[in-house]
Amino acid sequence: MKPSSLNRKLLRDLWSLKTQVLSIALVIACGIGAFVGSFSTHSSLLHAREHYYDSARFAHVFASAKRAPASLAARIRAVPGVAEVETRVVRDAQLSIPGVTPPMIARLIGIDLAHPPGMNRLTLRSGRWPAPGARGEAAVNQRFLEARRLALGGRVNVLLNGKLERLTLVGTVLTPEYIYATRGGGMPDDEWFAVLWVEAAPLAAAFNMEGAFNSALLRLSKNSSVEKAVEALDAILEPYGGFGAVEREDQMSHKILSQEINQQRVWGTVLPAIFLAVAAFILNVVLHRQVNAQRGEIAALKALGYEDRAIAWHYLKFASVIALLGVGLGLALGWWLGRAMTGLYTDFFHFPRFEFVLPAGVLAAGSAVALAAAFGGALAAIRGVLRLRAAEALRPPAPAEFRPLLVERLGYARLFTPAQRMILRNLERKPVRAAVTVAGIAGSVAILLAGTFWTDAVEYFMDVQFNKVMRSDVNVGFAEPLPHSVRNDLGRLPGVSQVEVTRAIPVRLRAGHRSYRTALVALADDALLQRILDAELREAKPAPGSVLLTTRLAERLGVAPGDEVMAELLEGKRVKSWLRVGGTVRELAGMNAWMRLEDLNRFAREGAVVSGAGLLVDRAQEGALLERLKQMPAAAVVIVNRTLVDTFRETSAKNVLFFTAILSAFAATIAVGVVYNSARIQLAERAWELASLRVLGFTRGEVSVLLLGELALEIAAAIPLGFAAGYGLAALLLALMPHEMIEFPLIISRPTYLYAGAVVVAAGVVSALIVRNRIDNLDMVGVLKTRE
């Protein structure tokens, strides 16, 4: 037999097992598709970010102050490592739109239209820039205009230092500073947070900032120390109410974007590994069956002089064809999946150009991993070919050694029908193959759980944060600290049934060489509308005279209860002093530091003042309350908590639906691949037994039960194991994800478990129907021929 003869044999083998070949290739394709899709999305986000940062000259350091003289820019420029400095006026103000009751927040940024900024360059997307000298014109971030369905030429109202100002929107703008637009939390705020660029001089005049600035941007020279530049900048701005400079890594938009990029790398590593491992298992089982079924042919080939290497290469080519088919399908799937995922991110991240990038290295790496997995699964089976002697292969395989079942030896055989005992006997005879089948099906359940539990985790997180931690309906932030008596004034507003005041002061906490910029937040001892809850929903309270840190912040600073941290207040009298860490609490959100309201005011050397309040409001009078708050200059920030939840759910619903559909299809593919291949192999091995039973008078249904009943037991065993594995895989994904801002809990609801189990059962039923059709069309005469 010539090599061409082996090639013809290869084609015949592939055709005779075409459905099994396709099912294995599809499992490989799912792994490659997930790998290529995730890493191409990672590359697309990374490419878009770096290209935009470079072209827009995104700043390296961001600083803010109360009011600093413009002449201070020269001192900042003289700091070692500073290559460029820009100063500006930035203020937050209430924003209102005709027809929308809840107030919004506008961040107004002053620009010199005659000399456009050299850093954080703006990209005009539509319309025009505000005309120099034309009062009342503004450019707005593009997503706010789209989210609010506004048209250029429309007008909005802003409360500038107590004076209502009407602005006309004349253009839409993108900026690297707000690729992810948020008021400061971890959720997108496109509907309720607008960034407005207005002419610098009128904005400075409105807030008494002529000849001064409150925001500075720095770009550093190559290889300069960011830490030293931040430290020097803080020292320069401290006398002018500096709030502490932050480097690019801590800038909110950049931080959230970077976390999402890192998450894609995690997804692209963990899930494809499971797909390819299952594919290797299936391929190994199929090749083992193929070798056992072709013992006589292998013996003949060896007798005719074919070397072991040539025969092994023949079976390796069999595996290669499957792997290459899977790689081809997987690359196409990964290309489609990557483009779809990249398109979804345009709703969250706003770039001037956001194109899909598919690096050749990702394609090569994905293909190499798939081929390695396929070859790994094939080599174990091929070793049997090399060990098989010609004379031994020509003999029929030794008959199986039968022995009583475990249930028979225990005396419980009468509890089972003959058909059930036959099913159990076959499982006992081949426990390894049964275990592999169970493991493969369990893997599909695990992948489905690990991909769909995010809905449960996010819903639980939202419920905890907005129903148990922040139980107020409306939160108000004041432009300046106000006396504690403002609580009484707020209580007299329409619909307000309860008021709780809070105090928050920006602070830099230091412990040794480590530091972190956050806020010291203070609550009243009897606070009920805002509580401090740990991950197990146990309430925590700051101890008198000490600070309570979230676990993540304590780990970041390297401190434990009983240690001390240096607190540098970045507001008011700029107090610097040591604070004792009274305890830690594992909160789900933020890097927070908590104190008692009385203790914080004493520490800040101020009287009984507050900076915000939470309101419990009668829903029927909420509109009247919000209208009143719009007219209060002191209420700089008004947030209706319900709007945050609704916005987040609306923006995330499409993503959740997409990923759930994709992972359901992937999990079903694995389940079908495992169940169908296992059933086909069992059918081929037991065809003689099944045909004999048909001749003896068993019906098609009774014969099918013997084979499909075994698969049903394997699926039943795999589902609970898959639940446990899915829980562990979800825990692994959460551990690998960055969680500085938010720590999602490991919550999987009953409907999610039921959904995962139902998808796998449905895939098993489809596989069973295909195999049942083959049983019904079994060629009994051909099968029952005596094999010498």
Residue match in segment 101-110 (condition: at positive phi and crowded, with 16+ Cβ neighbours inside 10 Å): no
Residue check for Arg148: of a type in the set (Lys, Arg) and either surrounded by fewer than 16 Cβ atoms within 10 Å (Cβ to Cβ) or touching a residue at least 60 places away in the same chain (Cβ under 8 Å) (or both): no
Spans of helices (runs of 4 or more DSSP H) in segment 223-304 with at least 3 residues among the charged types (D, E, K, R) and modelled with pLDDT of 75 or more: 226-237, 252-293
Identity of the residue in segment 339-348, under 14 Å from Leu46 (Cα atoms) and touching a Phe, Trp or Tyr at 6+ places or on another chain (Cβ under 6 Å), that ends up surrounded by the fewest Cβ atoms within 10 Å (Cβ to Cβ): Thr346
Cβ pairs under 7 Å, 6+ apart, first in segment 79-101 and under 15 Å from Leu217 (Cβ atoms), second of a type in the set (Val, Ile, Thr) and surrounded by 17 or more Cβ atoms within 10 Å (Cβ to Cβ): Val82/Ile76; Val85/Ile76; Arg88/Ile109; Val90/Ile109
Which listed residue, of Gly614, Gly607, Gly623, is more than 30 Å from Val766 (Cβ to Cβ) and either charged (D, E, K, R) or part of a helix (DSSP H, G or I) (or both): Gly623
For Asn214: the one exception among (1) closer than 19 Å to Gln94 by Cβ; (2) over 35 Å from the mean Cα position of the chain (by Cα); (3) open to solvent by 30 Å² or more (accessible area, probe 1.4 Å): (3)
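Let's see how each residue does on (1) modelled with pLDDT under 85; (2) not charged (D, E, K, R):
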position: Asp13; (1), (2): yes, no
position: Gln20; (1), (2): yes, yes
position: Ile28; (1), (2): yes, yes
position: Asp54; (1), (2): no, no
position: Leu72; (1), (2): no, yes
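Yes/no per residue for (1) surrounded by 18 or more Cβ atoms within 10 Å (Cβ to Cβ); (2) of a type in the set (A, V, I, L, M); (3) out of contact with any strand residue (DSSP E or B) (no Cβ under 7 Å at 6 or more places or on another chain); (4) not in a helix (DSSP H, G or I):
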{"position": "Gly330", "(1), (2), (3), (4)": "yes, no, yes, no"}
{"position": "Leu333", "(1), (2), (3), (4)": "yes, yes, yes, no"}
{"position": "His350", "(1), (2), (3), (4)": "yes, no, no, yes"}
{"position": "Glu355", "(1), (2), (3), (4)": "no, no, yes, yes"}
{"position": "Ser367", "(1), (2), (3), (4)": "yes, no, yes, no"}
{"position": "Ala373", "(1), (2), (3), (4)": "yes, yes, yes, no"}
Residues satisfying the stated conditions in segment 733-771, i.e. open to solvent by 80 Å² or more (accessible area, probe 1.4 Å) and touching a residue at least 60 places away in the same chain (Cβ under 8 Å): Leu736, Tyr755
Residue selected from segment 537-560 under the condition open to solvent by 80 Å² or more (accessible area, probe 1.4 Å) and either in contact (Cβ under 8 Å) with a residue 12 or more places away in the chain or basic (Lys, Arg) (or both), by the criterion nearest to Glu743 (Cα to Cα): Arg556
Filter result for Val36 (touching an Asp or Glu at 6+ places or on another chain (Cβ under 6 Å), outside the structural domain of Glu177 (by TED's automatic domain parsing) and not small (Gly, Ala, Ser)): no
Residues of segment 516-526 satisfying the condition of being modelled with pLDDT of 90 or more and surrounded by fewer than 18 Cβ atoms within 10 Å (Cβ to Cβ): none
Selection count where residues are modelled with pLDDT under 90, of a type in the set (Asp, Glu) and over 17 Å from Met470 (Cα atoms), scope segment 586-613: 1
Identity of the residue in segment 434-475, under 30 Å from Gly162 (Cα atoms) and touching a Gly at 6+ places or on another chain (Cβ under 6 Å), that ends up surrounded by the fewest Cβ atoms within 10 Å (Cβ to Cβ): Asn475
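The values are calculated or read from the model by the stated rules, or taken from the named source; none is laboratory data. Bear in mind the structure is a predicted one, so any value in this text is a computation, not a measurement. Positions of Cβ are backbone-derived with ideal geometry, glycine not excepted, and every protein chain shown enters the neighbour counts. The area values use the complete protein model at the heavy-atom level, side chains included, leaving out ligands, DNA and RNA. Shrake-Rupley method; radii C 1.70, N 1.55, O 1.52, S 1.80 Å.
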